[in-house]
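Note sheet for the following structure.
The values are calculated or read from the model by the stated rules, or taken from the named source; none is laboratory data. The model shown is predicted, which means the values in this text are computed figures rather than measured ones. Cβ coordinates were reconstructed from backbone atoms using ideal geometry, including for glycine residues, and neighbour counts include every protein chain displayed.
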Amino acid sequence: MATLAELPDGLALDFRLLFNATPIPYLVLTRDFTIVAANEARLRATGTVRESILGRPLFEVFPDNPADPNATGVKNLRMSLARVLSNRAPDAMPIQRYDIPKHGSVEGEFEVRYWKPLNTPVFDQSGEIIYILHCVEDVTELVVKQQATEESEARFRQIADAMPQVVWSALPDGFHDYCNRQFYEFVGVAPDSILGQQWGELVHPDDRARAGRAWEHSLGTGEPYEAEYRVLHRSRQYRWVLARALPIRNEAGDIERWMGTSTDIHKQKLAEEARAKTESKFRKIVESDLIGIYQYLPDGTLTEVNDEFLRMIGYSRQEYEQQGLSWRERTPPEWDHADKCALDKLRAKGKTEPFEKEYIRKDGTRLPVYVGATNLDGPEDGGIAYVLDLTDLKHTQLALRDSEAQFRALAENIPQLAWMANSDGSIFWYNNRWYAYTGTTLEEMQGWGWTQVHHPDYVKTVKAKYYAHIVERQDA
């Protein structure tokens, strides 16, 4: 095999051309770290000109960024070059931030850059190090993208931990890779102790198969996931949750991740059971004629009435069917304002709280009642009214209180109140059930207006506890 010196004319290698043509940035340094050669890739990467850097000390040409007090580029590179000289072996450095002077800047600005350096000794024929080959890979774009991803992930986790419900994520194969703080507080285990498929161990045995089938279906089809099941709470009691998840897809349409939430619906489930019992009792009440019930049109015409209401106003079923009835015609004029207020609430909210009024009986006497009503679909469709005869209950205050409690237990839905507050504790939003429950408006309740609906004997204590938890400690 021929040596380089023995190669025929025209085949001899021009290493200067090869050095300049390589796409990887290189510098050649002397033992005192003076730059004696730089290839074109290095010049392009750093925005420098060969004539302005050759023969100059490396750290004079490429100093630390003076605007970055934490810069360690010079220190770390100097130590690596020293190791090359000491160990007489290549030294690969981890990714370094080493900013470079911004090309054309008149104010001495620097550009943020990240590099992956490799420093290699070059020996002469006697085995002495005469040069150091400084090779770098510009990984700025990769690092910046990674930092952006990490910052995005950190912001997501911060937001997720601040949310008042469980947030979780899963990989395309269903592997759960993240749960927020609320999840671990809910189940009472250490953070990150239940990932992968271990979440299924917390599901009630009777619900596990059903929840698993729904999850496998979503994973296989990409359809949104939704399931209700019971989860073992930190109290060691099972609580109902509503789990939902949506797929996050990339530009090609492939699922990259699933983002899900789990909402504690235990109280709602108990409320549903209670509501079912209440509805059953209500049907029995209607059938047993304990209260008056009628269906009406917007003009006041009664389209359906039960026997108890007919008894209250002194009409027979036959008279009603032959003559018809109108609640407007059976109402004394002095109650027009109360009726108008109730109708305004019906139009605005779809229902009205029970209120006291009177009807005129067939014989002309007055019938004191409590009336509550709700729209069927809209105000133009009329609604259903529930009428409680107060005649006997007017005898004593105790009887009146019992009547009110009995009527409200039948007429009012079990409420679930929700609100949101600013960091200073002032409440700026309530759901409609709050207004239905308290009979207030947003204008009345904004800020600290909620204190108006608390008993005066307890407002000070409630407000102090609220301020301590929501404003000072900001408990979740």
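Of note:
- Of the residues making up segment 124-131, none is at pLDDT below 95, polar (S, T, N, Q), under 30 Å from K145 (Cβ atoms) and loosely packed, with under 13 Cβ neighbours inside 10 Å.
- Residue in segment 224-234 that is surrounded by 14 or more Cβ atoms within 10 Å (Cβ to Cβ), among the aromatic types (F, W, Y) and not in a helix (DSSP H, G or I) present: yes
- Among residues that are outside any loop (DSSP other than H, G, I, E, B) and in contact (Cβ under 8 Å) with a residue 12 or more places away in the chain, R239 is included.
- Residue in segment 238-250 that is more than 22 Å from the chain's Cα centre (by Cα) and within 30 Å of P368 (Cα to Cα) present: no
- From R208, R257, residue being out of contact with any helix residue (DSSP H, G or I) (no Cβ under 7 Å at 6 or more places or on another chain), touching a residue at least 12 places away in the same chain (Cβ under 8 Å), basic (K, R) and outside any loop (DSSP other than H, G, I, E, B): R257
- When we screen V166, V112, V136 for residues that are in contact with a helix residue (DSSP H, G or I) (Cβ under 9 Å, 6 or more places away or on another chain), farther than 30 Å from N20 by Cβ and surrounded by 13 or more Cβ atoms within 10 Å (Cβ to Cβ), the only hit is V166.
- Residues of segment 327-349 that are without any contact (Cβ under 8 Å) to a residue 12 or more places away in the chain, surrounded by fewer than 16 Cβ atoms within 10 Å (Cβ to Cβ) and basic (K, R): K340 alone.
- Scanning segment 21-35 for residues that are hydroxyl-bearing (S, T, Y) and in contact with a Cys (Cβ under 7 Å, 6 or more places away or on another chain) gives a single hit, Y26.
- Any hit, segment 62-69, residues being surrounded by 16 or more Cβ atoms within 10 Å (Cβ to Cβ) and within 18 Å of I132 (Cβ to Cβ): yes
Per-residue answers, yes or no, for (1) surrounded by 15 or more Cβ atoms within 10 Å (Cβ to Cβ); (2) at pLDDT 85 or above; (3) outside the structural domain of R97 (by TED's automatic domain parsing):
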site	(1), (2), (3)
F156	yes, no, yes
A162	no, no, yes
R181	yes, no, yes
V203	yes, yes, yes
